[in-house]
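Below: one structure, written as C-alpha cells.
The values are calculated or read from the model by the stated rules, or taken from the named source; none is laboratory data. Source: prediction; values computed, not measured. Every residue, glycine among them, receives a Cβ derived from its backbone with ideal geometry; neighbour counts consider all protein chains shown. Note: areas computed on protein heavy atoms with side chains; ligands, DNA, RNA excluded. Shrake-Rupley method; radii C 1.70, N 1.55, O 1.52, S 1.80 Å.
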Protein chains: 2
Amino acid sequence: MYDKELYEYKAQIVKAMAHPSRLMIIDALANNEVCVCKLQELVGGNISTVSRHLSVLKNAGIVSCRKEGLQVYYSLRVPCILNFFGCVDAVICEDAKRKQSASTVLSVK
Amino acid sequence: MYDKELYEYKAQIVKAMAHPSRLMIIDALANNEVCVCKLQELVGGNISTVSRHLSVLKNAGIVSCRKEGLQVYYSLRVPCILNFFGCVDAVICEDAKRKQSASTVLSVK
DNA sequence: TTACTAATTTGCATTATAGGCAAATAGTTT
DNA sequence: AAACTATTTGCCTATAATGCAAATTAGTAA
C-alpha cells in the first residue's frame with residue numbers, strides 16, 4: 001500500500017488522544033495554556049501518570065509546552081482538534097437514540 | 001470529577017478509530033457502503049482480522065452494517081468523523097514544519 | 001551549598017489490544 | 001439434505017499501554 005505509512009502516522013495521532021485523561025487535558029487546554037500542576041488537579045491520580053500522558057500528547061504533536069520558573073505550561077498546538085469533539089458527541093447521541101446507556105451521561109432528550 | 005464517565009465514553013470512540021486499518025476502513029466508507037470482502041482487499045491481511053476491526057468500529061457506534069445475500073455491507077453512521085481527518089493532517093503538517101520525517105509521506109511543500 | 005518545589009524519567013507489575021488460525025454461523029445453491 | 005461462500009467468533013501468543021513508586025533533573029530560595 002502506498003499510503004499505509006500515512007495511515008500509521010495518522011493512527012499514532014488519534015491513538016495519542018484515545019484516553020479519557022488525555023481527552024480531559026485537551027479540553028482543559030481549549031482556551032488557554034495550563035500548568036502541569038493544574039492539570040494534575042483536574043485529571044487526578046499520580047503526577048507521574050499525568051506527566052506521561054502529557055508526553056504522549058507532545059510526541060504526537062498535539063500540544064507544546066514552555067517552562068516558566070518551576071512550572072511547565074502546556075498549550076494546544078492544533079486547536080482544530082476541538083472541532084472533533086463535537087463529532088464524538090454526535091456519535092454518542094446517535095447511539096443514545098437506540099441504546100439508553102449514554103443518554104444518562106450526556107442528558108440527551 | 002463530574003464527567004469522568006463521559007470522557008471514558010468519548011475515549012472509547014476515539015480508541016475505536018486509533019488503528020491504521022480502521023482509519024483506512026473509515027476513509028473507504030466516506031462516500032458509500034462497502035462489503036467486507038472489498039474492505040479486506042483494501043486493508044489486506046486475514047479476513048478474521050478485518051472482521052474484528054469492523055466489530056470494534058460497530059461497537060463504538062461509528063459504522064453500521066446490513067446483510068445482503070452472502071455479503072455484509074458496512075457504512076459510516078456518523079460522517080462528521082471525516083472532518084476530523086483534515087485536522088489530523090493539520091497536526092502532521094504542523095509537525096512537518098519542524099521535523100522532516102512526515103513531509104516525505106505527505107509531500108508538504 | 002543545602003533545602004525545597006515542580007516536573008520528568010525509569011523500572012516494574014498489570015491489563016488491554018492485535019493478529020493468526022481454526023471452528024462456528026448464516027445464507028445460497030444444487 | 002449436502003456442498004459452498006462470506007463473515008464472525010473463540011482461543012492462543014506476542015506486543016503495547018497503563019499506573020504507581022522511586023530516582024532524577026531543573027529551577028528557586030535560604
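List of remarks:
- If you go through the range A:56-95 and keep only what is open to solvent by 50 Å² or more (accessible area, probe 1.4 Å) and facing chain B (nearest Cβ under 7 Å), you end up with A:ASN83, A:GLU94.
- Long-range neighbours under 6 Å by Cβ, at least six apart or interchain, first residue aromatic (Phe, Trp, Tyr) within the range A:53-73, second not in a strand (DSSP E or B): A:TYR73/A:GLU33
- Scan of the range B:38-55 for residues that are within 8 Å of DNA strand C (Cβ to nearest atom) and within 13 Å of chain A (Cβ to nearest Cβ), ordered by number: B:GLY45, B:HIS53
Okay, residues lined up against (1) closer than 23 Å to B:LEU82 by Cα; (2) away from DNA strand D (no atom under 15 Å from the Cβ):
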| position | (1), (2) |
| --- | --- |
| A:LYS4 | yes, yes |
| A:LYS15 | yes, no |
| A:ASN32 | no, yes |
| A:ASN46 | no, no |
| A:GLN71 | no, no |
| A:CYS87 | yes, yes |
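- In the range A:28-55, the residues that are within 29 Å of B:CYS93 (Cα to Cα), open to solvent by 50 Å² or more (accessible area, probe 1.4 Å) and touching a helix residue (DSSP H, G or I) at 6+ places or on another chain (Cβ under 9 Å): A:THR49, A:SER51
- Only residues that are more than 8 Å from chain B (Cβ to nearest Cβ) and without any contact (Cβ under 8 Å) to a residue 24 or more places away in the chain were counted in the range A:1-32, giving 3.
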